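Asker: Encoded as structure tokens, here's the structure I'll be asking about.
The values are calculated or read from the model by the stated rules, or taken from the named source; none is laboratory data. What you are looking at is a predicted structure, and each value in this text was computed from that prediction instead of being measured. Glycine gets a Cβ as well: all are built from the backbone with ideal geometry, and neighbour counts include every protein chain shown. Please note that ligands, DNA and RNA were not included when accessible areas were found on the heavy atoms of the full protein model with its side chains. Shrake-Rupley method; radii C 1.70, N 1.55, O 1.52, S 1.80 Å.
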Amino acid sequence: RELVTEPANVIYPETFVERAQAAVKGLGIDVEVLDGAAMRKLGMGALLGVAQGSVRDPRLLVLKWNGGKDGEAPVAFVGKGVTFDTGGISIKPAAGMEAMKWDMGGAGAVVGALIALARRKAKANVVGICGLVENMPDGNAQRPGDVVTSMSGQTIEVINTDAEGRLVLADAITYVQRNFKPKIVVDLATLTGAILISLGHEFGGLFTNDDDLANELLGAAQSSGDKLWRQPMADAFDKLIDSPIADMKNVGPREGGSITAAQFIKRFVEDGTRWAHLDIAGMAWSDKPNTTYDKGATGFGVRVIDRFVEAS
């Protein structure tokens, strides 16, 4: 909640990392940080394309909790950490843009969850990955129509620079799969305005390639109070993001926008990996208090992750 609440001149990629490092100190969590130069060497063109319009250097924050059996494949949680989202060249309307300081709510939830798991000494191996960028519209910013190459090698035609969170997640998910071989990957992201049209501020959207994983997450959601509602995925939606000049484009039509966003992310999930995407755009911030939070940042995602790991 602290990370989500702070303004973007206080929390940006570098200071997000500093705040997280201070929060996990002494808890037994291993921390690794990649800067922009390290990510360029890895070929993270999707994430770096989002960051190139900002004077703030991006970061990839890796948190590891090894509380399970030695050598057992971890569960990975990947958080979208856009510390401020102007929309880039596809700039957002001015009214309400100040709210975009909380576009790193997924990354905030991943940090909070790792802290919770470490404090209760969870008997599980867990990796948390936060892709941290600022999306700004300067003279070096990514343009609509640009084509970028992701870490996976797949190419992306950037139709809308305000569909940036999925670009960040693409490279972060590739990184965690290549480096940690997780048995499950769950990403959390304040990803689409379209999910608010579907679910309002009552449920986060759940998308997954695995029915059993869906049931496990829905059970954790019900018991934790972080409510989720499963959304469909299908080849018909996937075809909507095909590009004539690249492997895919980063947006489809207006209809089904949350689903095509999830289909985009799914293209970076390797065969055999159980994966779920939680679109929490309607849940990271609240204009009214509830039983577990006051007005403002809700901490949504921390509780459901904790319960999911406990039950796994």
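Asker: Of everything in segment 211-231, what is open to solvent by 20 Å² or more (accessible area, probe 1.4 Å) and under 19 Å from the mean Cα position of the chain (by Cα)? Give them in sequence order.
Answerer: Within segment 211-231, L218, K227, W229, R230, Q231 qualify.
Asker: Any chance you could count how many residues in segment 189-232 are closer than 22 Å to V269 by Cβ, of a type in the set (D, E) and out of contact with any Lys or Arg (no Cβ under 6 Å at 6 or more places or on another chain)?
Answerer: Total meeting the criteria: 3.
One line per residue, one yes/no per condition, for (1) crowded, with 21+ Cβ neighbours inside 10 Å; (2) of a type in the set (S, T, Y); (3) within 29 Å of R274 (Cα to Cα):
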| residue | (1), (2), (3) |
| --- | --- |
| L3 | yes, no, yes |
| Y12 | yes, yes, no |
| E18 | no, no, no |
| L61 | yes, no, yes |
| A73 | no, no, yes |
| G87 | no, no, no |
| P93 | no, no, no |
| V111 | yes, no, yes |
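Asker: Can you name every residue in segment 262-306 that is open to solvent by less than 10 Å² (accessible area, probe 1.4 Å) and of a type in the set (S, T, Y)?
Answerer: If the condition is that a residue be open to solvent by less than 10 Å² (accessible area, probe 1.4 Å) and of a type in the set (S, T, Y), then T298 is the only one that fits.
Asker: Would you list the helices (runs of 4 or more DSSP H) that sit entirely within segment 1-113 and hold 2 or more residues that are free of Cβ contacts under 8 Å to residues at least 60 places away in the same chain and out of contact with any helix residue (DSSP H, G or I) (no Cβ under 6 Å at 6 or more places or on another chain)?
Answerer: It comes to 13-24, 36-42.
Asker: To continue, here is another question. Somewhere in segment 139-156, is a residue open to solvent by less than 20 Å² (accessible area, probe 1.4 Å) and closer than 16 Å to T273 by Cα?
Answerer: No.
Asker: What single numbered condition from (1) within 19 Å of F84 (Cα to Cα); (2) crowded, with 23+ Cβ neighbours inside 10 Å fails to hold for P182?
Answerer: (1)
Asker: Given the condition open to solvent by 10 Å² or more (accessible area, probe 1.4 Å) and out of contact with any helix residue (DSSP H, G or I) (no Cβ under 8 Å at 6 or more places or on another chain), answer yes or no: does some residue in segment 123-131 qualify?
Answerer: Yes, because at least one residue in segment 123-131 is open to solvent by 10 Å² or more (accessible area, probe 1.4 Å) and out of contact with any helix residue (DSSP H, G or I) (no Cβ under 8 Å at 6 or more places or on another chain).
Asker: Being open to solvent by 50 Å² or more (accessible area, probe 1.4 Å), farther than 20 Å from M104 by Cβ and touching a Ser or Thr at 6+ places or on another chain (Cβ under 6 Å) is the requirement here; does F237 meet it?
Answerer: Yes: the conditions hold for F237.
Asker: Test L48 against the stated conditions and say whether it is open to solvent by 10 Å² or more (accessible area, probe 1.4 Å) and not β-branched (V, I, T).
Answerer: On the way: open to solvent by 10 Å² or more (accessible area, probe 1.4 Å): yes; not β-branched (V, I, T): yes.
It is true that L48 is open to solvent by 10 Å² or more (accessible area, probe 1.4 Å) and not β-branched (V, I, T).
Asker: Continuing with this model, one more query. Cβ-Cβ below 6 Å, separation at least six or inter-chain, first residue in segment 274-296 and under 18 Å from E6 (Cα atoms) and modelled with pLDDT under 95, second part of a strand (DSSP E or B) and open to solvent by 20 Å² or more (accessible area, probe 1.4 Å): which pairs?
Answerer: Here the result reads none, with nothing in segment 274-296 linked to a residue that is part of a strand (DSSP E or B) and open to solvent by 20 Å² or more (accessible area, probe 1.4 Å).
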